[in-house]
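Novice: Below are the structure tokens for one structure; questions will follow.
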Amino acid sequence: MSLFFGIMIMLLAVVPAQMLFQRFPKVPLAFYQIGIGLLLSFFPLYSDFEFPPEVFLLVVISTLMFSDSRKINLGEFSYSLRPTLSLAINLVIMSILIVGALAHFITPALTWFGGFMLAAILSPTDAVAYKSITAAVELPAGVDSALENESLLNDASGLVAFNLAAATLATGHFSVVQGVGNFLYVFIGGIVMGFLLGWVFMFSRRLMITHEMNINAVIVPYILAVPYIIYFVAEELGMSGILAVVAAGLLRTWEQKNWQLTTARIQDATFSIENIISEVLNGLVFVILGINLPKIIRQSFDVHVHFGLLLLIALSLYLTLGILRFIWFYFRMVKINESPNDNHLINSLLASVNGVHGTVTLMMALSIPTTLKSVPTNLRAAIILITVMVIMLSMLIPIFITPLLLPTMDKKILEDSEKFWNQMVDDMLISVRDSELDPYIKNYVTPILVTQRRLLGMNQKKLNSLYRQTLKIEKQATDELIKAGKISKQVATFHSDVVVRDVLNQPLRPWNALIYWIKVLISSHSRVESTESQREIERAIIEDEVYLPIMNFLNQRDSTHKQVEINTLARIYSTRHDEVISEEMINIERYHVLQLFKQEMDYMREMYLNEEITLQQSRTFMYDISLQQTIYIKRHFSE
């Protein structure tokens with residue numbers, strides 16, 4: 001049970017980290033997650049908490065690698081396959097040889113193969129860490145693509161080399177032929193196995209789709225289980241589970257290009273769930289790193305490891321890795337796609353600085369066998385602490401160096417993006433206002449358009465004051481209808497309570513909410529003695545009398561539609577109005593909302609053609625509009 005609660009709290013720790021990042025975005029998200037993990041480490045629940053490296057690789061890394069490989073552009077990946085392999089294999093091997101020799105030279109207690117093992121641990125870059133650290137900058141496309149593709153494959157190279165070095169230290173024997181053969185079996189075998197299993201799963205998934213299996217109960221869980229199964233099978237056969245998962249993910253990327261629009265529901269459900277899982281696991285990776293930090297430091301002090309000396313060693317190894325990467329890029333041992341305007345020196349520096357290490361590196365260090373005679377306890381603790389230092393250096397240094405080489409994302413661009421978006425909403429509102437649409441349709445689409453603006457804080461007292469004024473308009477009309485015998489008092493109260501509930505459901509302070517809900521429970525609904533059909537007829541009569549006067553009152557109070565309280569109340573009354581009108585009228589209203597989404601798409605395209613916004617901004621805007629349209633359709637057109 002403690003393991004369950006421990007994992008759940010770690011998953012929830014991602015939430016406050018994200019909130020802090022949104023409030024203070026200059027610090028990379030990864031550091032907030034590490035900080036939250038560091039705080040959790042002081043709780044008794046995590047004093048002896050362990051996440052076995054093999055379980056971590058299976059449960060977390062396999063899923064993230066599968067998800068990341070699904071997002072790769074296959075055309076660019078195939079074009080850059082040779083450079084990617086050069087980084088993932090040639091550079092890793094060279095790093096292991098040079099850094100391993102340096103580690104042995106500056107740490108005589110570390111044997112040659114002990115040095116190679118440490119170098120193998122430090123050689124892989126981490127896709128998750130790289131994306132988190134570079135989120136605030138826009139690297140040249142060629143550099144970004146090369147680093148991202150590299151991080152997908154070089155984990156496997158590092159793991160193979162690490163296992164080979166550990167096995168040599170355990171047995172005392174090493175064979176070049178056997179080592180090369182083992183490397184090829186693990187590396188190439190992992191890729192082949194991933195493609196084979198990926199094809200099997202792809203074929204069976206198509207059968208499920210053809211036979212119209214239940215999406216939520218069968219197809220989506222099946223797709224989510226794929227990376228775990230592929231990783232497990234490959235590892236059991238002694239191959240690289242990571243490479244197998246990446247290969248299967250690339251195969252799925254190819255398959256997605258051939259998916260028909262008839263599978264839209266499957267794609268939407270799968271991608272939404274995968275993205276959520278990926279975001280949470282990305283955060284979990286760094287929370288685990290933060291939880292492990294105090295324990296690693298304590299263990300190093302327990303065996304009397306010299307902290308300052310290890311920091312110098314870690315800095316030396318990190319700089320050596322960075323210099324090797326710079327040489328590899330600058331002297332074009334790996335060719336990346338560069339535009340004529342790119343500065344090759346700057347690109348080489350960026351590629352060397354942003355080779356970020358992460359938790360795969362840490363998990364390899366933690367998985368060093370405690371039974372190795374040539375790696376005593378104090379040396380093992382030193383290797384783990386050096387690894388942590390190199391990871392932290394690789395995450396900290398890009399934060400300071402990269403902005404000097406490239407400007408960070410211009411704050412003005414972000415502000416302009418919000419300005420252009422609000423301009424679009426304002427112009428759409430003016431278009432609706434000046435159109436010849438039916439007033440009922442105008443009053444329906446206007447509050448929906450306003451919700452496209454960024455959410456602002458709402459004043460509950462102001463909302464309640466507005467409601468009392470609209471209630472007065474409604475009561476005057478319903479009193480007349482009651483006198484005329486057209487409706488009953490019970491139906492009038494019932495109809496009014498619909499708005500009361502929604503007003504009370506708006507954000508409130510906890511104590512105010514408690515008071516309001518006590519009032520609701522005490523007054524509750526008036527019992528309506530008429531039949532349901534009669535009640536709905538009377539409600540329609542009320543709406544005919546009160547809806548337009550109330551909406552006109554609200555529109556006159558805020559013609560620009562920028563007061564959140566007025567728009568909230570207008571949306572509440574509009575929603576109640578939909579409860580009593582015909583299905584045909586509802587469909588007409590929703591059709592006009594869809595038409596507005598199309599107009600917004602055209603609006604943004606026109607802004608791009610007029611060079612008012614950049615291509616990237618136009619794509620971002622169109623994606624947001626499309627996403628909002630999708631949410632609207634799901635909410636109002638679902639079966």
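Novice: For the range 594-639, which positions are of a type in the set (S, T, N, Q) and closer than 24 Å to I430 by Cβ? Break it down into steps so the answer makes sense when it comes.
Specialist: Step one: list which residues in the range 594-639 are of a type in the set (S, T, N, Q), which gives 595, 599, 610, 614, 616-618, 620, 626, 628-630, 638.
Across the range 594-639, the qualifying residues are Q595, Q599, N610, Q617, S618, T620, S626, Q628, Q629.
Novice: Hey, can you tell me all the residues within the range 298-340 that are open to solvent by 40 Å² or more (accessible area, probe 1.4 Å), polar (S, T, N, Q) and in contact with a helix residue (DSSP H, G or I) (Cβ under 6 Å, 6 or more places away or on another chain)?
Specialist: Q299, N337
Novice: Can you tell me which residues in the range 28-79 are acidic (D, E) and part of a loop (DSSP other than H, G, I, E, B)? Lay out the reasoning, then the answer.
Specialist: Kept after step one, since they are acidic (D, E), are these residues of the range 28-79: 48, 50, 54, 68, 76.
If the condition is that a residue be acidic (D, E) and part of a loop (DSSP other than H, G, I, E, B), then D48, E50 are the ones that fit.
Novice: Return yes or no: is R590 under 24 Å from S435 (Cβ atoms), open to solvent by 80 Å² or more (accessible area, probe 1.4 Å) and in a helix (DSSP H, G or I)?
Specialist: No, not satisfied.
Novice: Within the range 536-563, track down each residue that is open to solvent by 70 Å² or more (accessible area, probe 1.4 Å) and not in a helix (DSSP H, G or I). Step through it out loud before you land on a result.
Specialist: Residues of the range 536-563 that are open to solvent by 70 Å² or more (accessible area, probe 1.4 Å), as a first pass: 537, 544-545, 552, 556-557, 559-560, 562.
Scanning the range 536-563 gives S559, T560, K562.
Novice: What number goes with the only condition from (1) part of a helix (DSSP H, G or I); (2) at positive phi that G322 does not pass?
Specialist: (2)
Novice: Could you give me the residue pairs with C-beta distances under 8 Å whose first residue belongs to the range 472-484 and is on the phi < 0 side of the Ramachandran plot, whose second residue is small (G, A, S) wherever it lies, and which are 6+ apart or on separate chains?
Specialist: E474/S496; K475/S496; T478/A492; T478/S496; L481/A492; I482/S488; I482/A492
Novice: Of all residues in the range 434-476, count the ones that are among the polar types (S, T, N, Q) and over 17 Å from V500 (Cβ atoms). Can you show your working first?
Specialist: Residues of the range 434-476 among the polar types (S, T, N, Q): 435, 443, 446, 451-452, 459-460, 464-465, 469-470, 476.
Add one more test, that the residue is over 17 Å from V500 (Cβ atoms), and what stays is 435, 443, 446, 451-452, 459, 476.
Residues that pass the stated criteria total 7.
Novice: Consider N214 carefully, then state whether it is over 23 Å from T84 (Cβ atoms) and either free of Cβ contacts under 8 Å to residues at least 24 places away in the same chain or aliphatic (A, V, I, L, M) (or both). Break it down stepwise before answering.
Specialist: Numbers: over 23 Å from T84 (Cβ atoms): yes; either free of Cβ contacts under 8 Å to residues at least 24 places away in the same chain or aliphatic (A, V, I, L, M) (or both): yes.
Criteria met by N214.
Novice: Pairs, please: C-beta under 8 Å, at least 6 apart or cross-chain, first residue without any contact (Cβ under 8 Å) to a residue 40 or more places away in the chain and in the range 27-46, second among the basic types (K, R) and open to solvent by 10 Å² or more (accessible area, probe 1.4 Å)?
Specialist: Correct list of pairs: empty, since none qualify.
Novice: Related question: Identify, please: which residue in the range 427-467 is part of a loop (DSSP other than H, G, I, E, B), at pLDDT below 90 and among the hydrophobic types (A, V, I, L, M, F, W, C) and is, among those, surrounded by the fewest Cβ atoms within 10 Å (Cβ to Cβ)?
Specialist: L455
Novice: Now a separate question. Do the conditions hold for F174, that is, is it of a type in the set (A, V, I, L, M, F, W, C), in contact (Cβ under 8 Å) with a residue 40 or more places away in the chain and in contact with a Ser or Thr (Cβ under 9 Å, 6 or more places away or on another chain)? First the steps, then the outcome.
Specialist: Values: of a type in the set (A, V, I, L, M, F, W, C): yes; in contact (Cβ under 8 Å) with a residue 40 or more places away in the chain: yes; in contact with a Ser or Thr (Cβ under 9 Å, 6 or more places away or on another chain): yes.
Against the criterion (of a type in the set (A, V, I, L, M, F, W, C), in contact (Cβ under 8 Å) with a residue 40 or more places away in the chain and in contact with a Ser or Thr (Cβ under 9 Å, 6 or more places away or on another chain)), F174 qualifies.
Novice: Here's something else I'd like to know. Just give me the residues in the range 206-238 being in a helix (DSSP H, G or I), in contact with a helix residue (DSSP H, G or I) (Cβ under 8 Å, 6 or more places away or on another chain) and closer than 22 Å to I191 by Cβ, in sequence order.
Specialist: I223, V226, P227, Y228, I229, I230, Y231, F232, V233, A234, E235
Novice: Can you pull out the residues in the range 194-217 that are more than 26 Å from the chain's Cα centre (by Cα), under 13 Å from A247 (Cβ atoms) and aliphatic (A, V, I, L, M)?
Specialist: Pass one, the range 194-217, residues more than 26 Å from the chain's Cα centre (by Cα): 195-197, 199-200, 203-204, 206-214.
So of that shortlist, the ones also under 13 Å from A247 (Cβ atoms) come out as 195-197, 199-200.
If the condition is that a residue be more than 26 Å from the chain's Cα centre (by Cα), under 13 Å from A247 (Cβ atoms) and aliphatic (A, V, I, L, M), then L196, L197, V200 are the ones that fit.
Novice: Check off (1) open to solvent by less than 60 Å² (accessible area, probe 1.4 Å); (2) at pLDDT below 90; (3) part of a helix (DSSP H, G or I); (4) not aromatic (F, W, Y) for V99 and give me the number that stays unchecked.
Specialist: (2)
Novice: Is it true that N90 is free of Cβ contacts under 8 Å to residues at least 40 places away in the same chain, out of contact with any Lys or Arg (no Cβ under 7 Å at 6 or more places or on another chain), within 30 Å of K71 (Cβ to Cβ) and assigned to a helix (DSSP H, G or I)?
Specialist: Working: free of Cβ contacts under 8 Å to residues at least 40 places away in the same chain: no; out of contact with any Lys or Arg (no Cβ under 7 Å at 6 or more places or on another chain): yes; within 30 Å of K71 (Cβ to Cβ): yes; assigned to a helix (DSSP H, G or I): yes.
Against the criterion (free of Cβ contacts under 8 Å to residues at least 40 places away in the same chain, out of contact with any Lys or Arg (no Cβ under 7 Å at 6 or more places or on another chain), within 30 Å of K71 (Cβ to Cβ) and assigned to a helix (DSSP H, G or I)), N90 does not qualify.
Novice: Output the residues belonging to the range 268-290 that are open to solvent by 10 Å² or more (accessible area, probe 1.4 Å) and over 15 Å from the mean Cα position of the chain (by Cα).
Specialist: D268, A269
Novice: Within the range 609-622, can one find any residue that is modelled with pLDDT under 90, more than 25 Å from A141 (Cβ to Cβ) and loosely packed, with under 11 Cβ neighbours inside 10 Å?
Specialist: no
Novice: Return the only residue of L152, L159 being open to solvent by 10 Å² or more (accessible area, probe 1.4 Å) and part of a helix (DSSP H, G or I).
Specialist: Values: L152 fails: open to solvent by 10 Å² or more (accessible area, probe 1.4 Å).
Going through L152, L159 in turn, the sole match is L159.
Novice: Sort out which residues of the range 139-174 are over 23 Å from L349 (Cα atoms), within 27 Å of the chain's Cα centre (by Cα) and modelled with pLDDT under 85, and write them in order of number.
Specialist: A156
Novice: Among the listed residues V233, V186, which satisfies the condition of being of a type outside the set (S, T, Y), at pLDDT 90 or above, open to solvent by less than 60 Å² (accessible area, probe 1.4 Å) and over 30 Å from the mean Cα position of the chain (by Cα)? Steps first, answer last, please.
Specialist: Working: V233 fails: over 30 Å from the mean Cα position of the chain (by Cα).
Residue meeting the stated conditions: V186.
Novice: If you take the residues in the range 564-583 that are of a type in the set (S, T, N, Q) and in contact (Cβ under 8 Å) with a residue 12 or more places away in the chain, which one is surrounded by the fewest Cβ atoms within 10 Å (Cβ to Cβ)?
Specialist: Step one: of the range 564-583, the residues of a type in the set (S, T, N, Q) are 567-568, 574-575, 582.
Right, trim to in contact (Cβ under 8 Å) with a residue 12 or more places away in the chain and you get 567-568, 574-575.
Working: N567: 22, T568: 20, S574: 19, T575: 14.
For the range 564-583, the residue satisfying everything is T575.
Novice: So for the range 365-373 (the condition being buried (at least 23 other Cβ atoms within 10 Å of the Cβ), assigned to a helix (DSSP H, G or I), modelled with pLDDT of 90 or more and more than 23 Å from the chain's Cα centre (by Cα)), does at least one residue qualify?
Specialist: Scanning the range 365-373 turns up at least one residue that is buried (at least 23 other Cβ atoms within 10 Å of the Cβ), assigned to a helix (DSSP H, G or I), modelled with pLDDT of 90 or more and more than 23 Å from the chain's Cα centre (by Cα).
Novice: May I pose another question? Just one of the numbered conditions (1) open to solvent by 30 Å² or more (accessible area, probe 1.4 Å); (2) at pLDDT 85 or above; (3) not in a helix (DSSP H, G or I) is not true of V356; which one?
Specialist: Of (1) open to solvent by 30 Å² or more (accessible area, probe 1.4 Å); (2) at pLDDT 85 or above; (3) not in a helix (DSSP H, G or I), only one is false for V356: (1).
The values are calculated or read from the model by the stated rules, or taken from the named source; none is laboratory data. Everything quoted here is computed from the prediction, not taken from an experiment. With ideal geometry, Cβ positions are generated from the backbone for all residues, glycine too; neighbour counts draw on all protein chains shown. Note: areas computed on protein heavy atoms with side chains; ligands, DNA, RNA excluded. Shrake-Rupley method; radii C 1.70, N 1.55, O 1.52, S 1.80 Å.
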